[in-house]
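Student: Take a look at the following structure, please.
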Amino acid sequence: MSWLMMALPAAFAQAATETPDGVDAMYRALSAREMTTTCQQLAEMSAAPVSALVYIAENARRPAWAGIRAADCLSRHHAQDAQPQLTRWVGQEETRGLAIVVLNNLEQMPVAVSVPLAQAAMAGPMIEDARPRIQTAQVPQVRAIAEDVPDQP
């Protein structure tokens, strides 16, 4: 049994799903204080990198940056494949930290993904976090979303 599997109860929240292939290696790389592994290298550690990164982002508790780094790789390099999860994150307060990572990376995503994500963020409880990030986006289609939604009273 790997050291990670023994540490999983402490490092991860209780996950209802089976642990995807490659999570151990990815988690070790994402947990390093000074991360030297690229998102591409992380993706090569698993046959299903999107599932593994989503699992880590949603379940890793210690260190806190492991989940944030997983969300960053997902939103910058796998946004299209992870769009349902990214949409869920920007649409609920419980995943605020992950949502902010996604919102900060809107410009790195294809427009076909970033526009629906911006719309979901502006329609949900994350609107106050989303508005300034969307208003300053360099992508005109994304920036227009903030202009279409009136300020909250």
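Student: Can you give the angle from 0 to 90° between the axis of helix 111-123 and the longest principal axis of the chain, with both taken from C-alpha atoms, to the nearest 10?
Tutor: 80 degrees
Student: Going toward the positive end of the dipole of region 48-153, with +1 on Lys and Arg Cβ and -1 on Asp and Glu Cβ, which of Thr136, Ala70, Val113 do you reach last?
Tutor: Farthest towards the positive pole: Ala70.
Student: Taking H as built 1.01 Å from N, whose amide H comes closer than 5 Å to the amide H of Ala60, not counting residues under 5 places away?
Tutor: Ala13
Student: Per-residue counts of other Cβ atoms within 10 Å, averaged by peptide: what ranking do you get for 52-64, 18-30, highest first?
Tutor: Sorting 52-64, 18-30 by mean packing, highest first, produces 52-64, 18-30.
Student: Something else about it: Given +1 on the Cβ of Lys and Arg, -1 on the Cβ of Asp and Glu, and no further charges, what dipole in debye does the chain carry about its Cα centre, rounded to the nearest 20?
Tutor: 300 debye
Student: Full-extension gain between Ala112 and Arg33, please, as 0.36 nm times their residue separation minus the C-alpha to C-alpha distance.
Tutor: Values: separation 79, 0.36 × 79 = 28.44 nm, distance 3.40 nm.
So the extension gain works out to 25.0 nm.
Student: Of (i) 17.3, 65; (ii) 24.5, 91; (iii) 16.0, 55, which is the value of Rg and Dmax of the Cα atoms in Å derived from the coordinates here?
Tutor: Answer label, from the structure shown: (iii).
Student: Related question: What 222 nm value per residue comes from the helices of the chain, counting each DSSP H run with n ≥ 4 as -39,500 (n - 2.57) and dividing by all residues, nearest 500 deg cm²/dmol?
Tutor: On the way: 10 runs with 96 residues, N = 153.
Helix-only estimate at 222 nm: -18000 deg cm²/dmol.
Student: What ³J(HN,Hα) values, in whole Hz, does the Karplus curve 6.51 cos²θ - 1.76 cosθ + 1.60 give for region 33-42 when θ = phi - 60°, with x put for Gly and Pro?
Tutor: The phi angles translate into 4, 10, 6, 10, 7, 7, 4, 5, 5, 4 Hz.
None of the figures in this text is laboratory data; all of them are computed from the coordinates on show. Keep in mind that what you see is a predicted model, and the values were worked out from it rather than measured. Note: ideal-geometry Cβ built from the backbone for every residue, glycine included; neighbour counts use all protein chains shown.
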